[in-house]
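Have a look at the structure below before the remarks.
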Amino acid sequence: MRFGVYTSGGDAPGMNAAIRAVVRSAISQKHSVIGIYNGYEGMLAKEFQELKLRSVANIIQRGGTVLKTARCASFHHAETREQAFLNLKEKEIDALICIGGDGSFRGAMALHAEHKIPVIGIPGTIDNDIYGTDYTIGFDTATNTALEAIDRIRDTAYSHNRIFIVEVMGRDTGFLALDVGIAGGAQDIFVPERTLAVDKVVSRIEDSVKRGKLSSIIVAAEGQKPGRAYDLAEAIRKKSGQEAKVCILGHIQRGGTPTARDRMLASALGAAAVNALASGFNCHAVGIVRNEVALTPLQEVTSNKKSIREDLLNLSQILAT
Ligand code: F6P
């Protein structure tokens with residue numbers, strides 16, 4: 001078979017390790033691989049290039065994606081997808097491997113539904129918000145990047161007896177905020193899935209000051225409004241008169257060398273995607289569930305929302321006393 005592989009949506013550290021695993025696993029089984037550059041945009045612009053064993057040398061340690069990536073709004077239209085399919089057919093691509101998040105999987109699913117091309121998704125996003133896998137590629141690296149920043153902020157927060165609000169990524173989900181918050185010893189964690197009243201945060205800060213805790217770290221997912229940490233700081237100032245410093249980590253969390261865990265995950269999932277296509281699976285996503293490779297229909301993956309763990313949110317409150 002001739003597979004087309006592409007990365008799409010927000011980049012995530014470990015995507016290169018996944019591309020490498022796809023290429024090398026496929027070639028070891030006598031398939032060939034075409035790299036599609038710039039996601040769906042490149043599918044439309046015929047940005048195709050064959051990837052050989054050496055094309056993916058020396059990329060396992062690199063963040064970002066050597067195939068580049070894009071968010072392609074026009075792919076929501078059936079006529080655009082038809083053009084993409086014609087381009088794939090012209091290049092004699094038999095099946096697709098899509099490395100990306102939920103939106104990218106929806107594009108792959110639509111291509112499959114309309115043109116019957118087999119597709120397999122590999123979950124790659126720092127948000128970890130993909131149903132059908134315990135972890136997505138990039139989440140571990142982003143968590144550790146944010147954590148390193150928090151550890152540094154903690155030094156200065158402690159020295160000045162200050163409150164800091166650290167804003168992490170996560171538009172719709174708070175997986176990153178939750179893990180970073182617990183591992184970073186945050187006083188409170190704001191996640192998009194749950195409303196947390198500023199009054200409550202202020203009274204917890206006041207209680208901890210009474211107990212002798214003079215500095216605090218609050219972790220907030222950006223939610224629908226990157227920069228919301230400034231609004232929170234202002235709300236805290238209005239309620240308590242206390243100044244809260246703000247640090248927005250932003251795209252720093254998307255870059256950098258992938259952790260060993262992300263490289264392992266990406267290597268396993270890249271190989272699993274090739275095996276899945278070679279054994280006739282199609283329109284599924286590969287994932288890791290309780291340490292085993294799992295295949296879940298893309299329909300199920302895109303119609304279910306992975307839930308944030310309430311028990312961990314509660315634990316964060318218990319531990320931050
Ligand atoms: O989906 C990954 C993600 O990093 C989200 O956490 C964030 O909200 C979004 O992408 C930012 O997207 P962009 O880089 O396109 O601004």
**Asked** Of the residues A221, A235, which single one is assigned by TED's automatic domain parsing to the domain that holds D151, in contact (Cβ under 8 Å) with a residue 24 or more places away in the chain and within 16 Å of the ligand (Cβ to nearest atom)?
**Response** A221
**Request:** Please work out if R211 is of a type outside the set (S, T, Y) and loosely packed, with under 14 Cβ neighbours inside 10 Å.
**Result:** yes
**Complete:** The lone condition A110 fails out of (1) in the same structural domain as A26 (by TED's automatic domain parsing); (2) under 28 Å from R261 (Cβ atoms); (3) surrounded by 14 or more Cβ atoms within 10 Å (Cβ to Cβ) is (2)
**Prompt:** N128 fails exactly one of the following numbered conditions: (1) under 19 Å from F281 (Cβ atoms); (2) within 16 Å of the ligand (Cβ to nearest atom). What is the number of that condition?
**Reply:** (1)
**Item:** Cross-chain or 6+ apart pairs with Cβ under 6 Å, the range 144-173 first and farther than 13 Å from G184 by Cβ, then at pLDDT 95 or above and among the basic types (K, R)
**Value:** R162/K245
**Item:** Residue among G181, G174 that is within 24 Å of S307 (Cβ to Cβ), within 13 Å of the ligand (Cβ to nearest atom), within 19 Å of the chain's Cα centre (by Cα) and surrounded by 19 or more Cβ atoms within 10 Å (Cβ to Cβ)
**Value:** G174
**Item:** Verdict on I120 being touching a residue at least 40 places away in the same chain (Cβ under 8 Å), surrounded by fewer than 23 Cβ atoms within 10 Å (Cβ to Cβ) and touching a helix residue (DSSP H, G or I) at 6+ places or on another chain (Cβ under 9 Å)
**Value:** no
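One line per residue, one yes/no per condition, for (1) hydroxyl-bearing (S, T, Y); (2) in contact (Cβ under 8 Å) with a residue 60 or more places away in the chain:
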residue: S203; (1), (2): yes, no
residue: V209; (1), (2): no, no
residue: L214; (1), (2): no, no
residue: D231; (1), (2): no, no
residue: V246; (1), (2): no, yes
residue: P258; (1), (2): no, yes
residue: R261; (1), (2): no, yes
residue: A268; (1), (2): no, yes
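The values are calculated or read from the model by the stated rules, or taken from the named source; none is laboratory data. Computed from a predicted model, the values in this text were never measured in an experiment. Note that each Cβ is placed from the backbone with ideal geometry, even for glycine, and that neighbours are counted across all protein chains shown.
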